[in-house]
Amino acid sequence: LAVEASTRAAEFARAHGANADAAHHWAVAATMLEHSAPDDHRRRLEALINAAAAHERADEMPQAQALVVTALGLARSHGDPAHVEAAASILNHASIFPNLTYGAMNSTLIGLLGECLTVLDEGARSARATVLAALSTELFHSADVDWRDDASSEAVAIARELGDPAVLARVLHARTFALKQPMSVPARREVAREIAELAQRAHLGDDIVLVGELQTALADFALGDLRAADAGLQRCRTLLDRPVGQALRSQVAYFRAHLDIIRGRHPQARRHIDDAFEQTRRSRPAEAGVIRLGQLLTIGYDDGDLPDELLAAARTDEADGYALVVRLFTAVILFDLGRRDEALERLPYARGEVPTRPLDYTTTFVDTAAANIAAETSDRVGAAALLARLAPMAGRWVAPGTGAASLGLVDLALARLHATLDRTDDARGWFEAAVAGHERLGAPAWLARSLLHQGRFLVRCGEPAAGTAALRRAAELAREHRLPIVLAQIEAT
């Protein structure tokens, strides 16, 4: 009777959207079944999987993972491929964020998924595809990129062979996590479009459609096509009136805020930031603060609202993951503020070196920030190395993720690197590309910064009339869009 009461309470909570409460009641039912009916592994597995699924819907993935570990161990020990598949499928969370915080991995879960693969027989193809997809997702932060890529590729191949739209959409979503490196963005966009179109055609649910649309929009954003990103965001917003998960809602809000910041719409951006922060604070508390910090720094970089306590909050002794992003972003800002000594203190590498960084969605941001720093310090050795890294990224928009911190188009960094290396003709072309690109994209702050650096470059090259014209236009933009840091840089030129 107690198990039945907990089950009814869980179903009632789920029906009313109280997913965290539903997870609690299902977990209670699983615990009671463990003690009262230890041989009834099927009912216990169903309760565990339902509890994990409720946590997943609430965007509480660490809690979901803990229950999946228990469920996978039980299903594996009883040779139950159907429940192995059901448990592993929860790890393909309807979210564009990894299941754990940046850089974290659940080694117990990864090992258990590997063990499950060894006991699935040839007939359990759907289960194998699902477990491989889950393994690929959990390996997101692994240095073993080949393992991650091989797992997701095999999962996709099996799913295409099976022809089940739900399984294929699940493994394609996992595939996007194996395609987070900078050079893989076009391929990720293709996979994202397939997810969205497959989900619509096969009626797989609004969450899956939204995953595909948001991944597509973010790929367009990274590729520097902000107009396509705007259109994709509008498609995402039309899905928010439907019962989609909280993770996706917050991620759409973060992306909307980021595009608003780029376009100079700061009041609107702050509203969207507040909307997203409350959900992220509950579901991903370890990351919520750093995302909010990045957003406040991004807005402050434009409007000058950078109190010392905000810059102090961005100080960290760590130099990996998001910490590296924050250190280099604040160094760029401090250089622009004229606080050179403080900027240099933030650098975790020496002159003539370049930062060590992971190959993921932060890579291009780290390299671009380092390029701006090399230009500010006239570091020719570092500039040459960074030019080799960034040249293939020409035309890309520079951001370390969905919600915060932009450094404009890569083209501006390429111009500054060429100028640092005294490659005048190349620098001239890239400055022109940066100005034209930021104007085309409607990014006033980055257009003003491009004109500022172009003007300084032209003056140094002995073209004072052209340089002064560029600086004059930069100043007009800075006044119109309230960019006091840019204005102060122009006045100091």
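The values are calculated or read from the model by the stated rules, or taken from the named source; none is laboratory data. What you see is a predicted model, and the numbers here were worked out from it, not measured in a lab. Neighbour counts are summed over all protein chains in view; Cβ atoms, including those assigned to glycine, are modelled from backbone coordinates with ideal geometry.
For the stretch 276-316, the candidate set comprises residues that are part of a loop (DSSP other than H, G, I, E, B) and either among the small types (Gly, Ala, Ser) or in contact with a strand residue (DSSP E or B) (Cβ under 6 Å, 6 or more places away or on another chain) (or both); within that set, the residue that is nearest to GLN251 (Cα to Cα) is ALA314.
As a summary of the residue check, ARG389 satisfies the conditions (1) touching an Asp or Glu at 6+ places or on another chain (Cβ under 7 Å); (2) touching a residue at least 60 places away in the same chain (Cβ under 8 Å) except for the one numbered (2). Kindly indicate the residue of the stretch 338-383 that is of a type in the set (D, E, K, R) and under 25 Å from PHE140 (Cβ atoms) and also nearest to the chain's Cα centre (by Cα) among those meeting that condition. Looking at the filtered set, the residue picked out is ASP360. I'd like the full set of residues that are in contact with a Ser or Thr (Cβ under 7 Å, 6 or more places away or on another chain), under 18 Å from HIS78 (Cβ atoms) and without any contact (Cβ under 8 Å) to a residue 24 or more places away in the chain, limited to the stretch 1-58. None - no residue of the stretch 1-58 is in contact with a Ser or Thr (Cβ under 7 Å, 6 or more places away or on another chain), under 18 Å from HIS78 (Cβ atoms) and without any contact (Cβ under 8 Å) to a residue 24 or more places away in the chain, so the list stays empty. Which residue out of GLY114, GLY103, GLY123 is over 16 Å from ALA174 (Cβ atoms), more than 16 Å from the chain's Cα centre (by Cα) and of a type outside the set (A, V, I, L, M)? Answer to the selection: GLY123. Taken over the stretch 87-113, residues that are in contact (Cβ under 8 Å) with a residue 60 or more places away in the chain and either surrounded by 17 or more Cβ atoms within 10 Å (Cβ to Cβ) or not in a loop (DSSP other than H, G, I, E, B) (or both) amount to 10. Figure legend. Inter-residue proximity from the stretch 466-493: first residues modelled with pLDDT under 95, second residues surrounded by fewer than 15 Cβ atoms within 10 Å (Cβ to Cβ), beta-carbon distance below 8 Å, spacing 6+ or different chains. Indicated pairs: ALA492/GLY338. Checking each residue in the stretch 210-228 for being farther than 18 Å from GLU439 by Cβ and among the small types (Gly, Ala, Ser) picks out GLY212, ALA217, ALA219, ALA222. Considering (1) modelled with pLDDT of 95 or more; (2) among the small types (Gly, Ala, Ser); (3) in contact with an Asp or Glu (Cβ under 7 Å, 6 or more places away or on another chain), the lone condition that ALA178 does not fulfil carries the number (1). Restricting the stretch 17-74 to residues that are among the charged types (D, E, K, R) and assigned to a helix (DSSP H, G or I), which is surrounded by the most Cβ atoms within 10 Å (Cβ to Cβ)? Restricting to residues being among the charged types (D, E, K, R) and assigned to a helix (DSSP H, G or I), the top hit is GLU56. Look at ARG416 and say whether it is in contact (Cβ under 8 Å) with a residue 40 or more places away in the chain and of a type in the set (Lys, Arg). Yes. Among the residues of the stretch 174-191, the ones that are in contact (Cβ under 8 Å) with a residue 12 or more places away in the chain, surrounded by 16 or more Cβ atoms within 10 Å (Cβ to Cβ) and closer than 18 Å to ASP146 by Cα come to 11 in all.
Conditions (1) at pLDDT below 95; (2) in contact with a Leu (Cβ under 6 Å, 6 or more places away or on another chain); (3) of a type outside the set (D, E, K, R), marked per residue:
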residue	(1), (2), (3)
ALA319	yes, no, yes
ALA343	no, yes, yes
GLY352	no, no, yes
THR356	yes, no, yes
ASN372	no, no, yes
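Part of a helix (DSSP H, G or I), polar (S, T, N, Q) and free of Cβ contacts under 8 Å to residues at least 24 places away in the same chain: is that true of THR118 in this structure? Considered against the rule, which asks whether it is part of a helix (DSSP H, G or I), polar (S, T, N, Q) and free of Cβ contacts under 8 Å to residues at least 24 places away in the same chain, THR118 comes out as yes.
Quick check on THR424: is it surrounded by fewer than 15 Cβ atoms within 10 Å (Cβ to Cβ), in contact (Cβ under 8 Å) with a residue 24 or more places away in the chain and among the hydroxyl-bearing types (Ser, Thr, Tyr)? It is true that THR424 is surrounded by fewer than 15 Cβ atoms within 10 Å (Cβ to Cβ), in contact (Cβ under 8 Å) with a residue 24 or more places away in the chain and among the hydroxyl-bearing types (Ser, Thr, Tyr).
If you check ARG227 against the conditions, is it within 22 Å of ALA399 (Cβ to Cβ), more than 19 Å from the chain's Cα centre (by Cα), surrounded by fewer than 23 Cβ atoms within 10 Å (Cβ to Cβ) and at pLDDT 90 or above? It is true that ARG227 is within 22 Å of ALA399 (Cβ to Cβ), more than 19 Å from the chain's Cα centre (by Cα), surrounded by fewer than 23 Cβ atoms within 10 Å (Cβ to Cβ) and at pLDDT 90 or above. Using the structure shown, decide if ASP411 is under 24 Å from LEU337 (Cβ atoms), among the acidic types (Asp, Glu) and either in contact with a helix residue (DSSP H, G or I) (Cβ under 9 Å, 6 or more places away or on another chain) or in a helix (DSSP H, G or I) (or both). Answer is yes for this residue. Considering only residues in the stretch 384-405 that are over 23 Å from ALA178 (Cβ atoms) and modelled with pLDDT under 95, the one that is farthest from the chain's Cα centre (by Cα) turns out to be ALA405.
Residues are listed down the side, and each one gets a yes or a no for (1) free of Cβ contacts under 8 Å to residues at least 60 places away in the same chain; (2) surrounded by fewer than 23 Cβ atoms within 10 Å (Cβ to Cβ); (3) within 22 Å of GLU309 (Cα to Cα):
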position	(1), (2), (3)
HIS258	no, no, no
ILE261	no, no, yes
HIS266	yes, yes, yes
ALA276	no, no, no
THR280	yes, no, no
PRO285	yes, yes, yes
ALA288	yes, yes, yes
